[in-house]
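Asker: Here's a structure for you.
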Amino acid sequence: MVRKQVNISLNDAEFETLNFLALEHNSKRSTVLKSLINHQKLKEPKIMPNQALAINHQLKKMGNNLNQLTKIAHQNGQLEQLDTLQKMRDELSQICQQLK
């Protein structure tokens, strides 16, 4: 199937509505338009974008704390703690990726 590209013009209100729908559903504008054309319901996002930003900010703080603990454990030769901290960092990284 050959994909076609379409360019449309929207007034300010229409453009704001499209942007709002895309942001609300954590989707691209093109995905919102395709869903509307195909009479599909837009998927509800798992987390609202503003919540995702707040969660991501907190996770980054936790990551920084883990990095500091890892550095201290490494300097003090506490190898058993290093393993646990590395696993925690990996899990935290996976959670951050899911929010993107």
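Asker: What distance in nm separates the simple spin-label points at residue 74 and residue 36, each placed 7 Å from Cα in the Cβ direction?
Answerer: 5.0 nm
Asker: Report relative contact order for the chain in percent, whole number only (criteria: Cα-Cα under 8 Å, sequence separation at least 6).
Answerer: Worked out over the chain, it gives 18 percent.
Asker: In whole Å, what are the extents of the chain along the principal axes defined by its C-alpha atoms, from largest to smallest?
Answerer: 62, 33, 22
Asker: Return 74, 57 ranked ascending by Cβ neighbour count within 10 Å, so the fewest neighbours appear first.
Answerer: Listing 74, 57 from fewest to most nearby Cβ atoms yields 57, 74.
Asker: What is the calculated FRET efficiency for residue 67 to residue 28, with r their C-beta to C-beta distance and R₀ = 41 Å, to the nearest 0.05?
Answerer: 0.80
Asker: Another one. Relative contact order, percent, of region 49-99 when contacts are C-alpha pairs under 8 Å separated by at least 6 residues?
Answerer: Result for region 49-99 is 43 percent.
Asker: Sticking with the crude label model, points 7 Å out along Cα→Cβ, report the distance from residue 95 to residue 10 in nm, one decimal please.
Answerer: 3.4 nm
Asker: Among 6, 32, what is the fewest-to-most ranking by other Cβ atoms within 10 Å?
Answerer: The most exposed by this proxy come first: 6, 32.
Bear in mind these aren't lab numbers, they're just calculated from the coordinates by the rules spelled out. Predicted, not measured: the structure shown is a model, and the values here were computed from it. When we count neighbours, we look across all protein chains shown, and the Cβ atoms used for this are built from the backbone with ideal geometry, even at glycine.
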